[in-house]
Every structure is written in C-alpha cells, then in structure tokens.
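The values are calculated or read from the model by the stated rules, or taken from the named source; none is laboratory data. Nothing here was measured: the structure is a model prediction, and the numbers come from that model. Reconstructed Cβ throughout: ideal geometry from the backbone, glycine too, with neighbour counts over all protein chains shown.
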Amino acid sequence: MRRFRIKPPLRLVAAAAIGTLSFGGVGYAASLGFSTNKLFAWSQTLTKGTCNQTSTTADDTYVQQLNPTSTAGGTATTLTISPIAATQDYAFIRFNLSGCSIPTTGGADSAVLTVNVRTAGADTISLFPVTSSWSSSTLTWNGVSGLTIGPTATGTFSASSTGAKTVTVTADVDNAIKAGNLWGWELRATSGVASVAVGAAENVTAANRPSMTLSYEK
Amino acid sequence: MKWLSNIFGLALVGLFLFVGVAAAASLGLTSGQLGAGSAAVSGCTASSLTATRNVNSSGNVTQVNVLSVPQACASETLAVTLENSSHVSLGAASTTVGTCTGGCTVTVTGFGTVSAASVTAYALSLTQ
C-alpha cells in the first residue's frame with residue numbers, strides 16, 4: 001500500500017484549506033441560525049407616520065349639572081367648563097382615528113391635544129381619559145355616571161388666559177389605538193371658581209377648534 | 001508510523017470543523033439577529049410573532065408585548081432588543097415565558113429610557 005504524503009510546498013496550501021473549511025463551517029452554522037441554545041430569532045420592522053386630527057374628525061360636547069337630561073353637543077360653538085357648585089359643567093372631546101388606518105398592534109409615538117380657551121378664568125382644567133363610548137348627540141349630565149373615566153388626570157392646563165393650550169396625551173392615545181377606539185377626554189375644572197369655555201369643533205374660526213397632532217407606528 | 005500521522009491529521013481536520021461550528025454557536029450568531037429575516041431551527045415556534053409596545057406620558061417605551069407566543073415556548077427566554085433605523089440597539093430586556101392557556105402574550109419590561117419615536121424595529125429571540 002502506497003503511503004500518502006503531502007510534500008512541503010503543499011503543506012501550506014493544506015493548512016490554508018483547513019482554515020477556510022473551518023471558517024466556512026462557522027459561516028454556515030451562523031447562516032442557519034444554529035447556536036447552543038437559540039431556538040428562534042426574528043425581527044419586526046415598524047412603519048412610522050403622522051395622522052393629525054382636526055375638527056372634521058372631532059366630536060365634542062359639554063354636559064350641565066343644571067340641565068342633567070339635556071344634550072349640548074352638535075351645535076355649540078364653545079364648550080363650557082364650570083366648577084361652580086350645583087352648576088358644574090364638564091366638556092368632552094374625542095377624535096375618530098379610523099381614517100388613520102392604524103391597526104391595534106400599532107401605537108402612538110407622540111400625541112398632543114390642543115384646545116383654545118375662548119372664555120378665560122382662573123381655573124385649572126384637567127383632562128381625564130374616557131374609555132367607553134359616548135356620542136355628543138346623546139351624552140347628558142346623568143349619562144356621565146355610566147361612562148368609564150380614568151381616575152387620574154392625563155394632564156392639565158391653566159384657563160387663566162385665552163388662546164391655545166396643549167396637553168400631551170401620548171399614553172392615552174397609545175392605549176386607545178390598542179383598544180381600537182379613542183373615546184377622548186373629560187375636561188373638568190379641578191381648581192378655581194370660574195366658568196370658562198373652550199372652542200368647539202363647530203366654532204366659526206378653525207384655529208379655535210380642538211385639534212391633535214399624532215405620530216404613530218404600525 | 002506515517003499512516004498513523006495521516007490518520008491523526010485527518011482527525012485534526014475534523015476537529016477543526018467541529019470547533020468552527022461550535023464557535024459560531026457560542027457566539028450566538030444568527031441571521032435573524034442581524035436583521036436579515038428569521039431562521040427557524042427547531043423548538044416551540046417556526047413563525048414570526050408580532051410585538052407591540054406601550055408608552056408612558058413622555059412617549060418612552062414602558063414594555064413590549066409579544067403576542068400569541070405558543071404554549072410550547074413556556075420556560076424559554078424571550079429577549080427583545082429595541083433598534084433604531086441603523087439597527088443599533090437602544091435598549092434590551094428579556095423574560096421567561098410563563099405558562100398559560102393557548103397563546104401567551106408575553107410582556108417584557110426594563111428597557112430603560114427609550115423614546116418610542118426612535119424605535120424602528122424589534123429584534124426578538126427565544127432561547128432555552
């Protein structure tokens with residue numbers, strides 16, 4: 001039997017071949033995702049977008065303790081907010097996000113609500129998230145007790161001067177996207193004694209109407 | 001003794017190849033982690049799962065929810081990396097998949113302060 005023997009000039013080539021094969025083995029194992037304990041790996045790419053809201057997708061109203069069975073939405077050009085005992089008024093604002101086509105697996109990266117104070121007063125207005133359905137055409141003071149309203153204010157603004165006021169509502173909108181509907185906020189005076197008003201979606205001046213900037217992912 | 005040397009040499013070649021594969025494994029290299037798609041090998045699932053995230057009032061990621069994780073993945077480690085558009089890690093966290101009926105929604109927390117607006121991809125992996 002003839003013995004196989006690599007001559008010296010070929011030994012270097014053989015060594016290089018061994019190294020190449022080893023490297024190839026590493027690469028091949030990596031390409032297959034092999035590891036000692038890794039069973040599965042994947043990535044998910046997100047799509048970013050904006051879907052700013054205006055009065056065309058807004059629905060708003062206010063309810064009056066003095067008129068507990070009356071509705072005030074639909075035609076009012078301002079929404080009254082009052083902390084005055086026995087004559088309290090709460091405002092409600094929401095936006096219909098269906099036109100944004102954001103799936104429930106998406107979310108808000110940033111959302112800022114803007115309201116415009118038309119009648120000023122030394123009140124602090126707090127926004128409480130509403131998570132159950134309501135309509136401006138039917139909501140009354142008595143109906144508010146049937147809504148699901150978060151106990152913690154999302155944010156506040158001072159109504160001591162007229163003009164645009166902004167509140168960051170990112171977490172609320174993010175939750176609403178995942179829930180499939182944005183039912184908006186109850187605006188209530190949590191300090192002060194004045195009756196104030198913010199522009200409604202029906203306000204004759206577009207700049208006075210509620211709006212919301214929204215950046216999202218999906 | 002030459003034949004013995006040759007056998008030893010061949011054994012050495014085999015050993016190098018084995019070590020090469022093992023080295024890749026020990027490095028945890030996978031095509032999925034490189035953002036080049038997914039590479040199912042074996043185990044509890046062969047499908048890409050869907051992840052969502054929650055944010056706080058500042059717009060920072062508070063948790064990532066991985067939806068419909070098969071029950072077969074219980075007790076495995078689910079790792080999530082938040083990546084920017086350059087696939088650079090902005091934060092990472094992991095948790096052990098618990099037991100549940102049907103598909104589990106697994107919540108992963110502890111990413112630190114990461115703005116959701118900066119996150120453009122999730123890199124996920126399941127390990128034993």
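In segment B:97-108, what residues are modelled with pLDDT under 90 and assigned to a strand (DSSP E or B)?
The answer is B:104, and nothing else.
How many residues are of a type in the set (A, V, I, L, M, F, W, C) and free of Cβ contacts under 8 Å to residues at least 12 places away in the same chain when one looks only at segment A:144-179?
Residues meeting the conditions: 0.
Within segment B:56-83, track down each residue that is acidic (Asp, Glu) and either in a strand (DSSP E or B) or not assigned by TED's automatic domain parsing to the domain that holds residue B:94 (or both).
Correct list: B:83 only.
Yes/no per residue for (1) under 30 Å from residue A:112 (Cα atoms); (2) at pLDDT 90 or above; (3) more than 7 Å from every other protein chain (Cβ to nearest Cβ):
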| site | (1), (2), (3) |
| --- | --- |
| B:29 | no, no, no |
| B:40 | no, no, no |
| B:43 | no, no, no |
| B:52 | yes, yes, no |
| B:72 | no, no, yes |
| B:89 | yes, yes, yes |
| B:110 | yes, yes, yes |
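What number of residues in segment B:76-116 are over 16 Å from the mean Cα position of the chain (by Cα), within 24 Å of residue B:45 (Cβ to Cβ) and buried (at least 20 other Cβ atoms within 10 Å of the Cβ)?
Selection size over segment B:76-116: 0.
Determine which member of the set A:176, A:159, A:197 is among the hydrophobic types (A, V, I, L, M, F, W, C), buried (at least 18 other Cβ atoms within 10 Å of the Cβ) and within 14 Å of another protein chain (Cβ to nearest Cβ).
Being among the hydrophobic types (A, V, I, L, M, F, W, C), buried (at least 18 other Cβ atoms within 10 Å of the Cβ) and within 14 Å of another protein chain (Cβ to nearest Cβ) holds for just one of A:176, A:159, A:197, which is A:176.
Considering every residue within segment A:66-74, establish whether at least one is in contact with a strand residue (DSSP E or B) (Cβ under 6 Å, 6 or more places away or on another chain), surrounded by 15 or more Cβ atoms within 10 Å (Cβ to Cβ) and of a type in the set (Ser, Thr, Tyr).
no
So, in segment A:184-194, of the ones that are surrounded by fewer than 22 Cβ atoms within 10 Å (Cβ to Cβ) and outside any strand (DSSP E or B), which residue ends up nearest to the chain's Cα centre (by Cα)?
Restricting to residues being surrounded by fewer than 22 Cβ atoms within 10 Å (Cβ to Cβ) and outside any strand (DSSP E or B), the top hit is A:192.
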